[in-house]
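J.: Here it is, the structure in full.
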Amino acid sequence: AQKITQTQPGMFVQEKEAVTLDCTYDTSDQSYGLFWYKQPSSGEMIFLIYQGSYDEQNATEGRYSLNFQKARKSANLVISASQLGDSAMYFCAMREISRSNDYKLSFGAGTTVTVRA
Amino acid sequence: KAGVTQTPRYLIKTRGQQVTLSCSPISGHRSVSWYQQTPGQGLQFLFEYFSETQRNKGNFPGRFSGRQFSNSRSEMNVSTLELGDSALYLCASSFSGTGVSAFFGQGTRLTVV
């Protein structure tokens, strides 16, 4: 079964507008972490934001915020005031922590964001 | 502070050959994990090393192996290359423990012909 589901293969957004990227996850662990990464065409994976399963506040990092709805197992990324440089592939990922301390990320299929001028 | 460094950036190999990819983590990071990214399968976990020990392994054949050195640098090796091994191989490093993020290198793009 897929651990991370990203249902939007591609999205277009107008410059300066906000965009929401959907992510749902599946785990029976009580302790887990959720991540969003950006991958430009160069290939490097750039860390954007992190949310822990026990964090009560939604994470924010500059123009990025994570809308964490634990009961719905949802961790949507909101990018505010989109810029042309935001055009990239965005991945949602999860690390399940309860059973072991090893570092393994499960990734979604990704969403391609294209920002229009 | 230097980021995660992967070498080489690009590689072309022939079927049947073997290849070694290198990853130098961020200074102080002892966990190094490897991922394969292909258009068809997406990002898949290969294995993770911590203090020279493999802690977890993904569902890949034994042709894929890795190791980690005492300075936390890691290498992965693929023997008897197949066309399907063509992919972007990404390495990530992190501190151990909860609530920490993994930082990725720029990847090695392997093409098998």
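What follows is calculated from the coordinates using simple rules that are stated; it is not laboratory data. Small disclaimer: the values here were computed from a predicted structure and weren't measured. Positions of Cβ are generated from backbone atoms using ideal geometry, with glycine treated the same way; all protein chains shown enter the neighbour counts.
J.: Please give the FRET efficiency for A:SER42 paired with B:GLN54, using the beta carbon to beta carbon distance and R0 = 30 Å, rounded to the nearest 0.05.
T.: 0.55
J.: What is the average number of partner chain Cβ atoms found within 10 Å of a Cβ in A:72-83? Show your work: numbers first, answer last.
T.: Values: counts 0, 0, 0, 0, 0, 0, 0, 0, 0, 0, 0, 0.
Rounded to a whole number, the mean comes out at 0.
J.: Let me ask something additional. Each residue of the stretch A:2-13 in turn: what ³J(HN,Hα) in whole Hz from Karplus with 6.51, -1.76, 1.60 and θ = phi - 60°, glycine and Pro shown as x?
T.: 5, 7, 10, 10, 10, 8, 9, x, x, 9, 10, 9
J.: How much FRET efficiency would the formula 1/(1 + (r/R0)^6) give for A:VAL78 and B:SER101, where r is the Cβ-Cβ distance and R0 is 25 Å, rounded to 0.05? The partial results should precede the final answer.
T.: Details: r = 19 Å, r/R0 = 0.74.
Plugging the Cβ-Cβ distance into 1/(1 + (r/R0)^6) gives 0.85.
J.: Taking a spot 7 Å from the Cα of A:LYS70 along the direction of its beta carbon, which residues of the stretch A:80-97 have an amide N less than 15 Å from it?
T.: A:97
J.: Taking the Cβ of B:ARG63 as the centre, find all other residues whose Cβ is under 14 Å away and add up their charges (Lys, Arg: +1; Asp, Glu: -1). The partial results should precede the final answer.
T.: Working: positive: B:LYS13, B:ARG15, B:LYS57; negative: B:GLU82, B:ASP85.
Value of the local net charge: +1.
J.: Report, by chain and number, residues whose modeled amide H sits under 5 Å from the one on B:SER86, excluding near sequence neighbours (fewer than 5 apart, same chain).
T.: Correct list: B:VAL112.
J.: Moving on. Give the calculated FRET efficiency between B:ARG73 and A:ASP29 to the nearest 0.05, with a Förster radius of 30 Å applied to their Cβ-Cβ distance. Before the final figure, lay out the partial values.
T.: Values: r = 31 Å, r/R0 = 1.02.
With R0 = 30 Å, the Cβ-Cβ based efficiency is 0.45.
J.: Name the GluC sites (Glu not before Pro) in the stretch B:13-113 that are in a loop by DSSP and that have at most 15 other C-beta atoms within 10 Å, would you?
T.: Numbers: sites: B:GLU48, B:GLU52, B:GLU75, B:GLU82; in loops: B:GLU52, B:GLU82.
Answer in residue order: B:GLU52, B:GLU82.
J.: Please state, to two decimals, what the Cα-based radius of gyration of the protein assembly as shown comes to when divided by 2.2 N^0.38 Å (N = residues).
T.: 1.01
J.: Here's a follow-up. Between A:THR112 and A:ALA1, what length in nm is gained on full extension when 0.36 nm per residue of separation is reduced by their alpha carbon distance?
T.: Values: separation 111, 0.36 × 111 = 39.96 nm, distance 2.28 nm.
Full extension of this stretch gives 37.7 nm more.
J.: For chain A, go through all pairs of different Cα atoms, get the mean of 1/r, take its inverse, and jot down that Kirkwood value in Å. Can you show the working numbers first?
T.: Numbers: mean 1/r = 0.0695 Å⁻¹.
About 14.4 Å, per the Kirkwood formula over Cα pairs.
J.: Just check chain B against the gyration tensor rule for me: Cα atoms, a ≥ b ≥ c as the square roots of the eigenvalues, rounded for a/c under 1.5, and otherwise prolate or oblate depending on whether a/b exceeds b/c. Numbers along the way, then the final one.
T.: Numbers: a/c = 1.76, a/b = 1.68, b/c = 1.05.
Taking the square roots of the gyration eigenvalues as a ≥ b ≥ c, chain B is prolate.
J.: Would you please classify the overall shape of the stretch B:35-80 from the alpha carbon gyration tensor, given that a ≥ b ≥ c denote the square roots of the eigenvalues, rounded means a/c under 1.5, and beyond that prolate means a/b larger than b/c while oblate covers the rest? Spell out each step's value before the answer.
T.: On the way: a/c = 2.15, a/b = 1.77, b/c = 1.21.
Since a/c reaches 1.5 and a/b is larger than b/c, the shape of the stretch B:35-80 is classed as prolate.
J.: On average, how many beta carbons from a partner chain sit within 10 Å of the beta carbon of a residue in A:105-113? Walk me through the numbers on the way to the answer.
T.: Details: counts 10, 3, 6, 2, 3, 3, 0, 0, 0.
Taking all residues of A:105-113 together, the mean is 3.
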